[in-house]
Amino acid sequence: MSLLSSVVRRRGPLKARLALTSGLLLVAASVCAEPNREPDGWADGVELAALEDLNPDPHILEVNLEAAVVTLPIWSLRPPTEVYAFNGSVPGPLIDLAAGDRLIVHFTNNLPEPTTIHWHGLRIANEMDGAPHHPRPPVLPGERFDYDFVVPDAGLFWYHPHVNSSAQVGYGLYGALRVRASDDSEAAAPEDEIVLVLSDIGIDEDGGLDDPASGGDLGTLFGREGNVILVNGRWLPSLKVRAGITQRWRLVNAARSRYFKLALPGTTFTRIGNDGGLLPGPLEEDELFLIPGQRADVLVTPDVANGTVQFLTWLPYDRGFGSSELRTEQLIMRLELTDDPPGAPTQASFSREIAPIDVSGATPVSMRLTEMMDADGRLVLGINDLPFAELEPWLATLGETQVWEVTNEMDWDHPFHLHGFFFQELGDDGEPLAPLSWQDSINVPSRETRRIAVVFDERPGMWMFHCHILDHADAGMMGMLHLTEP
Ligand SMILES: [Cu+2]
């Protein structure tokens, strides 16, 4: 089946809806000069690679994914760069399907080293989670593995390796996975929607990639950031937008260490969702904040004069010594306002019922994020003073609710991520924080404590949790939760 016919078939219902909409617009043509849409090709500058669907069933997306070394023109100021890529692109192709659909990925590892694919945020069976040896071994060079699961929740998720992760993600292995709602909960969303994969990459004068161990222990302690910020794999790409038209941005922070604090001067963000789908209601925010691994779902209505340019801007954030000193704002994406007449904004009419987790009777669990030295005087990170390799698994039984109290004893923030389950953040008083939301990643600031509630209601197995500064995870700041039958 050709790529085009697959896209048309999978988008069939949407096409039908658009046809209906344009019929209505024709009727209203005497009142409304133009459809309330962005101009054709408005988002071509950030287009993500697509996948060919090999399966005729509209509720099964079956694709081939290959990890391999390729040479790509990543940064126009430098020669092309030899990177790791999924299907030859950085980021990898957008995986796009609906809640309840089945995803089959025929994965081939053509890298010179073992790897896996972890499906960040997806509540899937443990054996599909991609944590190496828990339970499946990594996919060796030249070998294949079929990932096969149903995606249960609407939201934006992402995929990346979980072996030698800081290096492999830093080399370019990551991609977005969008799960559309299969009900009408997002029917009021603007049609103009883009997925934005935020990352960075370290490129030297000759176009080569930075050594993944650059800076030694200090580099590890800080968490290595690339010198070039990328949006969908591009340096400073452009959108062409009409004033007054509301767009929906689905963002993921796929960087191995970098935090993203973003502003669009002159325009606020209407946040409607995060890691685990929609929020209870819209929130107005001047800045977007995404720790590594996190997602944001926002409505954006550029409303400045035609002919002007707005810049999506990265702002320094102090996540510990050396992370904000002498660092300046960076422009990461252009919004070019076209000469089209201004449109009418789409009102954010989203709402979602989220019940608070009942924490009465929950099992308290506390853990400390710590740093140590090994016998050779090398930096080791860990949990409760032990690195991953020496830690016994934490335990939980099916149906159990736990409240984790995570204390950061270091001078750097840690973005804490739990595989396979959503959690809710609790305040110091043990009550859920407002607004209620589902998350799989949370920032634990330096020398502070954060609390999360999680219900381990299904899917036994060995589940990872770790710092999502991948240098920290690789240095030992990871643990396992062994979830068993009661
Ligand atoms: Cu960390």
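Here are the numbers:
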item	result
Hey, GLU127 in the same structural domain as HIS106 (by TED's automatic domain parsing), of a type in the set (Asp, Glu) and without any contact (Cβ under 8 Å) to a residue 40 or more places away in the chain or not	no
Residue within segment 456-478 that is touching an Asp or Glu at 6+ places or on another chain (Cβ under 8 Å) and within 13 Å of the ligand (Cβ to nearest atom) present	no
Every residue from segment 292-321 that is of a type in the set (Gly, Ala, Ser), out of contact with any Lys or Arg (no Cβ under 8 Å at 6 or more places or on another chain) and surrounded by 15 or more Cβ atoms within 10 Å (Cβ to Cβ)	GLY293, GLY320
Positions within segment 262-271 being among the aromatic types (Phe, Trp, Tyr) and assigned to a loop (DSSP other than H, G, I, E, B), in sequence order	none
Per-region count, segment 435-447, residues away from the ligand (no atom under 13 Å from the Cβ) and farther than 21 Å from ALA355 by Cβ	1
Answer from ASN64, ASN87 - the residue that is in contact with a strand residue (DSSP E or B) (Cβ under 8 Å, 6 or more places away or on another chain) and surrounded by fewer than 16 Cβ atoms within 10 Å (Cβ to Cβ)	ASN64
Test: residue in segment 121-140 that is over 20 Å from GLY233 (Cα atoms) and among the β-branched types (Val, Ile, Thr)	yes
Filter pass, SER349 being touching a residue at least 12 places away in the same chain (Cβ under 8 Å) and either in contact with a helix residue (DSSP H, G or I) (Cβ under 8 Å, 6 or more places away or on another chain) or in the same structural domain as LEU122 (by TED's automatic domain parsing) (or both)	no
Hits in segment 88-102 - residues which are closer than 8 Å to VAL151 by Cα and under 18 Å from the mean Cα position of the chain (by Cα)	ALA98, ALA99
Meets criteria (touching a strand residue (DSSP E or B) at 6+ places or on another chain (Cβ under 8 Å), at pLDDT below 95 and within 14 Å of the ligand (Cβ to nearest atom)) for LEU379	yes
Test: residue in segment 407-427 that is surrounded by fewer than 20 Cβ atoms within 10 Å (Cβ to Cβ), within 16 Å of the ligand (Cβ to nearest atom) and part of a strand (DSSP E or B)	yes
Segment 392-410 residues that are not assigned by TED's automatic domain parsing to the domain that holds GLY322, paired with ones that are polar (S, T, N, Q) and within 16 Å of the ligand (Cβ to nearest atom) (beta carbon under 8 Å, 6 or more apart)	GLU405/THR449; VAL406/THR449; THR407/THR449; ASN408/SER446; ASN408/THR449; GLU409/THR370; MET410/THR370; MET410/SER446
ALA375, sole failed condition from (1) free of Cβ contacts under 8 Å to residues at least 40 places away in the same chain; (2) under 27 Å from PRO445 (Cβ atoms)	(2)
Filter result for the condition that a residue is within 16 Å of the ligand (Cβ to nearest atom) and either without any contact (Cβ under 8 Å) to a residue 12 or more places away in the chain or on the phi > 0 side of the Ramachandran plot (or both), over GLY361, GLY307, GLY320	GLY320
Segment 216-235 - residue that is small (Gly, Ala, Ser) and under 20 Å from ASP318 (Cα atoms) and, of those, farthest from the ligand (Cβ to nearest atom)	GLY226
Selection within segment 272-281 - assigned to a strand (DSSP E or B) and either at pLDDT below 95 or closer than 18 Å to PRO432 by Cβ (or both)	GLY273, ASN274, GLY277, LEU278, LEU279, PRO280, GLY281
Candidates ASP146, ASP96, ASP153 - the one that is assigned to a strand (DSSP E or B) and in contact with a Lys or Arg (Cβ under 9 Å, 6 or more places away or on another chain)	ASP96
Checklist (1) without any contact (Cβ under 8 Å) to a residue 24 or more places away in the chain; (2) closer than 25 Å to TRP412 by Cβ applied to ASP184, failing item	(2)
Yes/no for LEU395 being among the hydrophobic types (A, V, I, L, M, F, W, C) and either within 16 Å of the ligand (Cβ to nearest atom) or touching a Pro at 6+ places or on another chain (Cβ under 6 Å) (or both)	no
Strands (runs of 3 or more DSSP E) wholly inside segment 284-403 containing at least 2 residues that are hydrophobic (A, V, I, L, M, F, W, C) and under 21 Å from the mean Cα position of the chain (by Cα)	287-290, 295-300, 309-315, 330-337
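Here is a yes/no grid of residues against (1) within 30 Å of PRO356 (Cα to Cα); (2) without any contact (Cβ under 8 Å) to a residue 40 or more places away in the chain:
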residue: ALA188; (1), (2): yes, no
residue: ASP192; (1), (2): no, no
residue: GLU205; (1), (2): no, no
residue: SER214; (1), (2): no, yes
residue: ALA255; (1), (2): no, no
residue: PHE260; (1), (2): yes, no
residue: LEU264; (1), (2): no, no
residue: ARG271; (1), (2): yes, yes
residue: GLU285; (1), (2): yes, yes
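The values are calculated or read from the model by the stated rules, or taken from the named source; none is laboratory data. Remember, predicted model here, so these are calculated numbers, not experimental data. Neighbour counts are summed over all protein chains in view; Cβ atoms, including those assigned to glycine, are modelled from backbone coordinates with ideal geometry.
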